[in-house]
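Novice: Below are the structure tokens for one structure; questions will follow.
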Amino acid sequence: MLAIIGGSGLSQLGSLEVTQRKVSRTPYGEPSGALTFGRIAECDVVFLARHGYGHTIAPHEVNYRANLWALKDAGVTEVVSVASVGGIRNDTWPGTLVLPHQVIDYTWGRGATFFEGAGVPVNHIDFTEPYSRALRARLLKAAERCGEKLSDGGVYAATQGPRLESAAEVSRLERDGADVVGMTGMPEASLAREISLEYATIAVVANYAAGRGDSARAIPLDKIGAVLEEAMGRVRRIIGALCEK
């Protein structure tokens, strides 16, 4: 079963033939919202809005452990995360869709592992390749089939939020090798790895990062909504193609 975690700009999947909604409880508290079950083409799909269905949960307040645990408990084996990001690299202009291959974690204070607490053994996961190679390959093929451009590869910098970054911080991220910057990429990716979920991210560039392009002096927040609305239509087409067999 495939799960789609929708970020900013993707609070529902219009192509999903909904069969049921389920409120989940986990050992880590409540997920961001009810799980929405349904089908797209020939694929069983579960959808979860990362920030809640009213977009009320800030990136640092998302219960990532509960979200991933609830999906695993529902029978999910693969997760496609959709995340809005700022573009750092010259060719990551607003509206670009990027399929990251690496991540750098700058977050702090988030529940970042399932393996903690009294009597729980320490568990070290291999995180050399943070995203599923097989799922990434299928997403690239799906994008090709439906004629949508999905940039293959990029380094996702996960920052704490909820504020956007300063221009100096973005310059630091660029020196560190980051191509895009977002606030939800971690610990979601590592938690998925801990419980053996195949995981990949479609990063949707909503704006140039601070100090870049038309964000050189200030990020044009009034333009982001229109960019995301158009780009998420292309994301939905890629997900639809992924679900075709």
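Throughout, read-outs are computed from the coordinates displayed, never taken from laboratory work. Keep in mind the model is a prediction, meaning the values are calculated, not measured. For neighbour counting, all protein chains shown are included, and Cβ atoms are generated from backbone atoms with ideal geometry for every residue, glycine included.
Novice: Can you list the residues of the range 45-72 with backbone N under 15 Å from a point 7 Å past the Cα of Gln160, pointing along Cα to Cβ?
Specialist: 59-62
Novice: Going by the alpha-carbon gyration tensor, a ≥ b ≥ c the square roots of its eigenvalues, is the range 112-204 rounded (a/c under 1.5) or, if a/c is not under 1.5, prolate (a/b greater than b/c) versus oblate? Provide the component values of the computation, followed by the final result.
Specialist: Working: a/c = 2.44, a/b = 1.16, b/c = 2.10.
Oblate, because a/c is 1.5 or more while a/b does not exceed b/c.
Novice: What does the C-alpha gyration tensor say about the overall shape of the range 55-168? Classify as rounded when a/c is under 1.5, otherwise prolate if a/b is larger than b/c, or oblate. Intermediate results must be reported in sequence, preceding the final value.
Specialist: Details: a/c = 1.86, a/b = 1.30, b/c = 1.44.
Verdict is oblate for the range 55-168.
Novice: Continuing with the same structure: So, R0 is 35 Å and r is the distance between the beta-carbons of Thr56 and Ala118; what FRET efficiency does that work out to, to 0.05?
Specialist: Details: r = 33 Å, r/R0 = 0.94.
With a Förster radius of 35 Å, E is 0.60.
Novice: Got a sec? How would Lys245, Lys72, Lys141 order by Cβ neighbour count within 10 Å, fewest to most?
Specialist: On the way: Lys245 6, Lys72 20, Lys141 13.
The most exposed by this proxy come first: Lys245, Lys141, Lys72.
Novice: So which cysteines in the chain don't have a second cysteine's C-beta under 4.7 Å from them?
Specialist: So, Cys146.
Novice: The range 195-234 to the range 27-101: how many Å between their Cα centroids?
Specialist: The range 195-234 and the range 27-101 have Cα centres separated by 15 Å.
Novice: Taking neighbour Cβ counts within 10 Å as the exposure measure, how do Ile238, Ile40 sort from fewest upward? Display every interim value, and only then the final one.
Specialist: Working: Ile238 25, Ile40 21.
Ranking Ile238, Ile40 by Cβ neighbours within 10 Å, fewest first, gives Ile40, Ile238.
Novice: Between Arg217 and Thr19, 0.36 nm times their residue separation minus their Cα-Cα distance comes to what? Write out the running numbers ahead of the final one.
Specialist: Numbers: separation 198, 0.36 × 198 = 71.28 nm, distance 4.71 nm.
Roughly 66.6 nm would be gained on extension.
Novice: In sequence order, what are the phi-derived ³J(HN,Hα) couplings for the range 213-219 according to the Karplus relation 6.51 cos²θ - 1.76 cosθ + 1.60 with θ = phi - 60°, rounded to whole Hz, with x for glycine and proline?
Specialist: Those phi angles translate into x, 7, 9, 4, 10, 6, 6 Hz.
Novice: List, in the order given, every pair from Lys22/Lys223; Lys223/Lys245; Lys72/Lys141 whose Cα-Cα distance in the structure shown is over 30 Å. Kindly include the intermediate steps, with their values, before the conclusion.
Specialist: Working: Lys22/Lys223 35 Å; Lys223/Lys245 37 Å; Lys72/Lys141 25 Å.
With Cα atoms farther than 30 Å apart: Lys22/Lys223; Lys223/Lys245.
Novice: What is the sum of charges around Arg50, taking Lys and Arg as +1, Asp and Glu as -1, for the other residues whose C-beta is under 15 Å from the C-beta of Arg50? Walk me through the intermediate numbers first.
Specialist: Working: positive: Arg65, Arg110; negative: Glu30, Glu61, Glu188.
Cβ neighbours under 15 Å give a net charge of -1.
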